[in-house]
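Nothing in this text is a laboratory measurement; each read-out follows from the coordinates by a stated rule. These numbers come from a predicted model, not from an experiment. A quick note on method: Cβ atoms are made from the backbone with ideal geometry, for glycine too, and the neighbour counts reach across all protein chains shown.
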Amino acid sequence: MKSNTEKFGKTPHQPSLWTRADALKVHADDPTTTQPLVSANFPVLSNEVFIWDTMPLRDMDGNITSVDGWSVIFTLTADRHPNDPQYIDENGNYDITRDWNDRHGRAKMYYWFSRTGKDWKLGGRVMAEGVSPTVREWAGTPILLNEQGEVDLYYTAVTPGATIVKVRGRVVTTEHGVSMVGFEKVKPLFEADGKMYQTEAQNPFWGFRDPWPFRDPNDGKLYMLFEGNVAGERGSHKVGKAEIGDVPPGYEDVGNSRFQTACVGIAVARDEDGDDWEMLPPLLTAVGVNDQTERPHFVFQDGKYYLFTISHTFTYADGVTGPDGVYGFVADSLFGPYVPLNGSGLVLGNPSSQPFQTYSHCVMPNGLVTSFIDSVPTDESGTQTRIGGTEAPTVEIKIKGQQTFVVAEYDYGYIPPMLDVTLK
Ligand code: FRU
């Protein structure tokens, strides 16, 4: 198969490349791009459920929005099973690690509300059992559409397959809380095409998920970001000069990095309601660098496009590495070219002493970054850990040109609104 640059030759735009040379600049534990240590004494949102990916309610321009003074977040959620014989080990103890690791297979979309932008109260499931067409309800974005409280929830329907879908409902508030009504008809939007975006048939480990719709502040059109892999049979991708970048002598060997083929996908809506979409070539590819660029999202600031995406240590290719966390790229126009922030792309990574403390970071337009707690060591050696499944402390970053800086830390799960909408 052709290299990435050859493959997308005749398309409307050239995907920008996150190169191996860029990734060589990633350094864990730089204090300006490292999340402060999360204490093992964290509080949990709920003893009944694990939560992970957090999706604040927002409008199509990206503003985090409260309704009638209530903040709302959606979360991927799974029951905890402390009494289920399936998760009791041979010593009679609850194997929370195994329960947590199995959560993706039973992920469901829940919502929470709050008057303070923290101390979240559980609202419940967004869709009743049987509404979503597949087993797993994976990440996406809830969009408040208007003052009538209509909400479009874009998400990923997974197993069988992986389809970007949306479901429309309504947020209703009272003095005492928030409920989500409707959310009864799920509309499939699109799946990987095998030409630009890799399909399950091409690679059983393919990724195609995490829709993030937005209105381009410049052309006013409706677009959507999503996570993908570059199309082609697994193992057929070429890691050529362009994907390698300008490496020093001795760094030309790419090993088996052809198996890492992440990209940030983009689609454009053919209609105003976002019911009809056309996939475009990826905005950014990471062939030969990393296999996952998850939950891509934008911050529009100073006339620039700041593209953020989360990634893992274990998904890096041979010869390059970096911490679990959020990475970023900046461009002057929507279709690029994108340049890695801080030279490397790393914006906020876990400290090497607690490599799995948090994940699934979402950078909000006010510079606050929310994430969830995965696991935090409870002893010096790091062999004992405490599983999270709850909100991490919010971190603030300052975005300046092509650089970012960690500047503050706030309470667990602090997601304040940027604007309030009074429902009619
Ligand atoms: C990120 C993620 C998403 C996916 C979900 C599945 O944490 O991998 O890409 O939608 O989790 O649980």
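Grab the beta carbon distance between residue 339 and residue 378, set R0 = 45 Å, and tell me the FRET efficiency rounded to 0.05. Intermediate results must be reported in sequence, preceding the final value.
Values: r = 40 Å, r/R0 = 0.89.
Given R0 = 45 Å and the Cβ-Cβ separation, E is 0.65.
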Residue span residue 252 to residue 221: 0.36 nm per residue of separation minus Cα-Cα distance leaves a gain in nm of 7.0 nm
Distance in nm between residue 145 and residue 187 label points, each 7 Å along Cα→Cβ, equals 0.7 nm
Neighbours of residue 403 by Cβ distance under 14 Å: Lys/Arg at +1, Asp/Glu at -1, summed charge +2
Along the range 69-77, Karplus-curve 3J(HN,Hα) (6.51, -1.76, 1.60; θ = phi - 60°) to the nearest Hz, with x for Gly and Pro, reads x, 9, 7, 9, 10, 10, 9, 6, 9
Interchain or sequence-distant (5+) residues whose placed amide H lies within less than 5 Å of the amide H of residue 88 are 95
So the pair-distance distribution of the chain, from every Cα-Cα distance in 20 Å bins, comes to percents of 27, 61, 12, 0
Residue 233 and residue 122 label points (each 7 Å along its Cα→Cβ direction) are spaced in nm at 4.8 nm
The ³J(HN,Hα) series, computed from each phi in the range 110-118 with the Karplus coefficients 6.51, -1.76 and 1.60 at θ = phi - 60°, rounded to the nearest Hz and given as x for glycine or proline, is 10, 10, 9, 9, 7, 8, 10, x, 7
A student asked for the Cα radius of gyration and Dmax of the range 252-363 in angstrom ought to give 15.1, 48
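Tally Lys/Arg at +1 and Asp/Glu at -1 over every other residue whose Cβ is under 13 Å from the Cβ of residue 38; what's the total? All intermediate terms of the calculation are to be shown ahead of the outcome.
Values: positive: 386; negative: 324, 374, 391, 409, 411.
Taking every other residue near residue 38 into account, the sum is -4.
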Residue span residue 408 to residue 42: 0.36 nm per residue of separation minus Cα-Cα distance leaves a gain in nm of 130.0 nm
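Semi-axes of the range 134-284's equivalent ellipsoid from the Cα gyration tensor, sqrt of 5 times each eigenvalue, largest first, rounded to whole Å?
Equivalent ellipsoid semi-axes, largest first: 36, 17, 14 Å.
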